[in-house]
Amino acid sequence: SAGPANGFAFLVAGGTQLAVPLPAPWSSCLLLASPDATAGFLLDGGGLAAVSLVVPATPGLLAFVQAVTLDLTPSLPLDASNGLRIENDY
């Protein structure tokens with residue numbers, strides 16, 4: 001599903017899978033990937049953003065990725081995606 005129109009999104013990627021609550025007032029959302037690398041994106045009017053990631057062909061590569069969206073209204077509602085596991089098993 002889309003994030004908030006004209007909101008903000010973070011892409012979090014790391015080598016460790018987590019299940020850590022975010023700080024208050026968003027503690028009902030879990031951070032599912034260690035924040036070893038993060039990137040921020042502005043969402044368009046439909047609440048969407050696109051990003052291309054180059055995944056190296058490294059045997060045994062394992063990474064966890066999660067998107068977190070933030071509505072830039074005064075109450076700052078936040079939503080987090082399910083985590084994604086990327087594994088190169090050849």
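The values are calculated or read from the model by the stated rules, or taken from the named source; none is laboratory data. Keep in mind that this is a model prediction, so the values were computed, not measured. When we count neighbours, we look across all protein chains shown, and the Cβ atoms used for this are built from the backbone with ideal geometry, even at glycine. All accessible areas refer to the heavy atoms of the entire protein, side chains included, with ligands and DNA or RNA removed. Shrake-Rupley method; radii C 1.70, N 1.55, O 1.52, S 1.80 Å.
Can you say whether Asp79 is open to solvent by 60 Å² or more (accessible area, probe 1.4 Å), charged (D, E, K, R) and in a loop (DSSP other than H, G, I, E, B), as far as the supplied structure shows?
When the stated conditions are applied, Asp79 does not pass them.
Val54 - would you say it is farther than 17 Å from Arg85 by Cβ and of a type in the set (A, V, I, L, M)? So Val54 fits the description; yes. Could you tell me whether Asp71 is open to solvent by 70 Å² or more (accessible area, probe 1.4 Å), out of contact with any helix residue (DSSP H, G or I) (no Cβ under 8 Å at 6 or more places or on another chain) and among the acidic types (Asp, Glu)? When the stated conditions are applied, Asp71 does not pass them. Only residues that are without any contact (Cβ under 8 Å) to a residue 60 or more places away in the chain and outside any strand (DSSP E or B) were counted across the range 58-72, and they come to 4. Could you give every pair whose Cβ atoms fall below 8 Å, whose first residue belongs to the range 1-18 and is in a loop (DSSP other than H, G, I, E, B), and whose second residue is among the β-branched types (Val, Ile, Thr), counting only separations of at least 6 or pairs across chains? Every condition considered, the pairs that remain are Gly3/Thr69; Pro4/Thr69; Pro4/Thr73; Gly7/Thr69. Here Phe64 passes the criteria (1) under 11 Å from Phe8 (Cα atoms); (2) open to solvent by less than 40 Å² (accessible area, probe 1.4 Å) except the one numbered (1). Among the conditions (1) in a strand (DSSP E or B); (2) surrounded by 13 or more Cβ atoms within 10 Å (Cβ to Cβ), the only one that Arg85 does not satisfy is (2).
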